[in-house]
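Every number in this text was worked out from the coordinates using simple rules, so none of it is lab data. Please read all numbers here as calculations on a predicted model, not as lab measurements. Don't worry about glycine lacking a Cβ; one is built from the backbone with ideal geometry, like all the others, and counts go over all protein chains shown.
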Amino acid sequence: MKNQSFLNCCNEKDLKDLFYYNKKPKGETDFGIKRYKRKYKICKNCNHMFSYFNFNLKNLYNKKYSENAYGNKEKILNSFNKIISLPLTSSDNKNRVKRCLKYLNKKNLIFDVGCGLSVFLFELKKKGFKVSGLEPDKNLFLHSKNVIKKNIFNKPIEKFKLKKTKKFDFISLNKVLEHIPYPENTIKKIKNILKFNGIFYIEVPDQRAVKFGKNREELMIEHLHVFSKKSLQNLMIRKNFKPIKIRQIKEPSGKYTIYGFFKNK
Ligand SMILES: [Zn+2]
């Protein structure tokens, strides 16, 4: 099996096999993979986990990705409506908004990279913030445009260009980084479109979920990287961000998550 995830911090010799999968775990999206085989290796220094497999990643994120993961247009809207109606005590998104409010003011330009269902942006917009977002998946983009109205872009982050050179005050990357083979490139790109002293908010699944076994949502096939607090912090410091706050939490949905606020310096 081939390594599909890359990070500059860990040496190949420090990695050891952790979990092996020869069939799709229950609850994982069915991508129709024949001869399912994958594994995670873990770094003995920083506990970062790397994904190994032999199928083509491009086939996972084809235009049917959101259809496989969420269903059609109507189902996407239903999921959105269901999530926005959750109370604070059972909503991951509303708790995320609450965390971020401390670092935001109404003049800020907010940019959510990989806005997905746009629940986060919708909640911020409702509170009067200036929001914008990026979503590479066509169906999720159309949905986001429908609920947020303006400043939603349909392209991968590598292809995003600032118009009129206005940089953002606050950029969020919620449960996105773990899907990307080379997270360092994404962080570098984000640094370029964030103001000096601007805030970068990141959320990733926490590798501490491994203590509950290999079939956890945090360890699904789309997650090429599973971060530890140390590996996330190391990555951000390497990319010249100053950590303000990094926490490990269990979310209302039961997910183990690491979140962090970092300053662009
Ligand atoms: Zn490491």
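Here, the chain has an Rg and a Dmax of 17.9, 52 Å when only alpha carbons are counted.
Peptides 4-10, 247-253 ordered by packing proxy, namely the average of other Cβ atoms within 10 Å per residue, highest first: 4-10, 247-253.
Note on the stretch 49-200: the C-alpha convex hull projects to 10.0 nm² when averaged across all orientations. Over the stretch 1-133, the ratio between the Cα radius of gyration and 2.2 N^0.38 Å evaluates to 1.35.
The share of alpha-carbon pairs in the stretch 115-206 lying farther apart than 20 Å comes to 35%.
Summary of the geometry: the stretch 170-213 and the stretch 78-111, compared by the centres of their Cα atoms, lie 17 Å apart. Could you work out the Kirkwood radius for the stretch 134-177, taking every pair of different alpha carbons, averaging 1/r and inverting it, reported in Å? It works out to 11.6 Å. The mean sequence separation of alpha-carbon pairs under 8 Å and at least six residues apart, normalised by the residue count of the stretch 168-237, gives a relative contact order of 40 percent. Taking the fewest neighbouring Cβ atoms within 10 Å as the starting point, the ordered list for T89, T257 is T89, T257.
What percentage of all Cα-Cα pairs in the stretch 111-161 are separated by more than 15 Å?
33 percent
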